[in-house]
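Below: one structure, written as structure tokens.
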Amino acid sequence: MNLPLRIAIDGPAASGKSTLAERLAKALGYLYFDTGVMYRAVTWAALQRGYAVEDADKLTELAANLDIDVRPPSTDDGRKYDVLVNGEDVTWAIRTPEVDANVSIVAAHPGVRAALTDKQRAIGRRGKVVMVGRDIGTVVMPDAELKIYLDASPEERARRRYQERLARGEQADYAQILAAVRARDRLDKGREVAPLRAADDAVILNSDGLSIGEVFEEALRLVKAMDC
Ligand code: CDP
């Protein structure tokens, strides 16, 4: 049986993409690559430097020059990987509500997207990869052998994000998280360049009411059903 070499998983915030991709990659022995980390890293760096997130020129230059590295986890604190920006560990710093609130503005700049898309395509070309994001099936790897668009209702997604924050010992407010999820959906789906949408040839999975295990089984069935 020939497995799909490249698997693209797209979908809105907190739809369960990362968890699904990580499990699939592990089961298949593929690289798991979460492109959201790159947009978050640029956002974090811009906030650190006091740049206005609306400043397209500054943000584009930053995205082109920033050294973003993802490595196996160095600490056993619940992280799946280390994220380093110019050598600094920002694994948790890129997950704050402040980064959440600004990342979709940063990700809408065409210059930022061009710089990061180049880096993502280089990783995709090596194959044996499960890549996660918003535009993987449509823009980054339009020739991926399997494309999955993972959806869920805003309420279900906000509930998951809320539980994640509590599990990390952070404070969380469900209503605020729901509003933030909705705002990010609006920006991601409405932007001009590479908006969030399912590729025409993507399989759409809705994870409302499904456990992580059930979504994983369904995705694995799709992988095994492929004959490429
Ligand atoms: O984990 P979550 O789904 O909340 O978000 P993420 O995958 O870490 O992505 C954060 C943000 O980066 C998204 O809301 C998008 O604005 C942007 N992004 C993007 O535009 N294109 C991608 N391929 C990945 C992320």
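Structure data summary
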| read-out | value |
| --- | --- |
| Matching residues in the stretch 110-130 - criterion: being closer than 16 Å to Ala8 by Cα and among the β-branched types (Val, Ile, Thr) | Thr117, Ile123, Val129, Val130 |
| Test: residue in the stretch 33-56 that is of a type in the set (Lys, Arg), under 18 Å from the mean Cα position of the chain (by Cα) and surrounded by 18 or more Cβ atoms within 10 Å (Cβ to Cβ) | yes |
| Every residue from the stretch 43-58 that is touching a residue at least 12 places away in the same chain (Cβ under 8 Å), in contact with a Leu (Cβ under 8 Å, 6 or more places away or on another chain) and not in a helix (DSSP H, G or I) | Val53 |
| Unique match (being touching a residue at least 60 places away in the same chain (Cβ under 8 Å), near the ligand (Cβ under 9 Å from one of its atoms) and small (Gly, Ala, Ser)) among Ala101, Ala144, Ala152, Ala107 | Ala107 |
| Cross-chain or 6+ apart pairs with Cβ under 6 Å, the stretch 156-171 first and more than 16 Å from Ile212 (Cα to Cα), then surrounded by 12 or more Cβ atoms within 10 Å (Cβ to Cβ) | Tyr162/Ala172; Tyr162/Tyr174; Tyr162/Ile177; Arg165/Ala172; Leu166/Ala172 |
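Let's see how each residue does on (1) away from the ligand (no atom under 15 Å from the Cβ); (2) part of a helix (DSSP H, G or I); (3) closer than 21 Å to Val106 by Cα:
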{"residue": "Pro4", "(1), (2), (3)": "yes, no, no"}
{"residue": "Ser18", "(1), (2), (3)": "no, yes, yes"}
{"residue": "Ala41", "(1), (2), (3)": "no, yes, yes"}
{"residue": "Ala64", "(1), (2), (3)": "yes, yes, yes"}
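Bear in mind that the values in this text are calculations on the coordinates, not laboratory data. Note that the structure is predicted; figures quoted are calculated from it, not measured. Here the Cβ is made from the backbone with ideal geometry for all residues, glycine too, and neighbour counts use every protein chain on show.
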